[in-house]
């Protein structure tokens, strides 16, 4: 059973919404969508990127977002309405597609989903089944290990290691990003290519406080697992978070991070 460690309460939805605002402009050009495409977006979340995809493919195209979490799905349906857009509840490991929908999509996409699955290969297999022969699959996900804060805040390595270990505790994979090409090759996908999306920032920009807050908030979603599993003490956690806040006020503070992407053709 996959476990989404971040939850979907209003505070987390707010974090995800702001994250989308930060990242969609960087990710979207790499999708290379065309007018009239039929698109499947697996793990569509709050629907912001899915909606943008529906705009890109125009009235002759169609975009179907699949989301397991009822809270996320409700927000997506409320905030993003278009004639060529549908949101459907379902599990990435058993996609709710009709027999006519199998092998009918030109492009299938997922982002920040595979890291939260106990069986990411099954999800990729389901996505491949949705594609027409010659259709394109696009995976985007995290490899948390290479995150660099400069200069490194005191205690950050221990805190970030505890955060990554919290994924392992619940059966997820904090370094799935480096494995995306293998997931595609194992499914017989052709012309596999990999790339990265830069997701860093530095002090002095308007967006830097948003990046810092996102980092602190995403770590905090794993607090219960980290403490319960004794990955870090509460005292260490509180101290290390404060060190990040202090670090963020430095005029030369910088975050270096990339999101892994891989794509190929069925």
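Restricting 162, 262, 254 to residues that are more than 20 Å from residue 117 (Cβ to Cβ), touching a residue at least 60 places away in the same chain (Cβ under 8 Å) and in contact with a helix residue (DSSP H, G or I) (Cβ under 8 Å, 6 or more places away or on another chain) narrows the list to 162. For region 116-125, the count of residues that are farther than 24 Å from residue 96 by Cα and touching a residue at least 60 places away in the same chain (Cβ under 8 Å) is zero. Just one of the listed residues (206, 236) is surrounded by fewer than 17 Cβ atoms within 10 Å (Cβ to Cβ), out of contact with any helix residue (DSSP H, G or I) (no Cβ under 8 Å at 6 or more places or on another chain) and more than 17 Å from residue 148 (Cα to Cα), namely 206.
For the subset of region 144-154 comprising residues that are crowded, with 18+ Cβ neighbours inside 10 Å and closer than 14 Å to residue 200 by Cα, which member is nearest to the chain's Cα centre (by Cα)?
We begin by selecting, within region 144-154, every residue crowded, with 18+ Cβ neighbours inside 10 Å; these are 144, 147, 149, 153.
Filter again for closer than 14 Å to residue 200 by Cα, leaving 144, 147, 149.
Values: 144: 12, 147: 15, 149: 20 Å.
Taking the candidates together, the pick is 144.
When you look at residue 191, is it surrounded by fewer than 16 Cβ atoms within 10 Å (Cβ to Cβ) and touching a residue at least 40 places away in the same chain (Cβ under 8 Å), yes or no? So residue 191 passes the test.
Of everything listed in (1) crowded, with 19+ Cβ neighbours inside 10 Å; (2) under 20 Å from residue 113 (Cβ atoms); (3) touching a strand residue (DSSP E or B) at 6+ places or on another chain (Cβ under 9 Å), the single unmet condition for residue 57 is (2). Evaluating residue 176 against the criteria (1) free of Cβ contacts under 8 Å to residues at least 60 places away in the same chain; (2) surrounded by 16 or more Cβ atoms within 10 Å (Cβ to Cβ); (3) closer than 14 Å to residue 115 by Cα leaves one unmet condition, (1).
All of the numbers you see were taken from the coordinates with simple rules; none came from a lab. On a predicted model such as this, the values are computed, not experimentally measured, just so you know. Backbone-built Cβ (ideal geometry, glycine too); neighbour counts: all protein chains shown.
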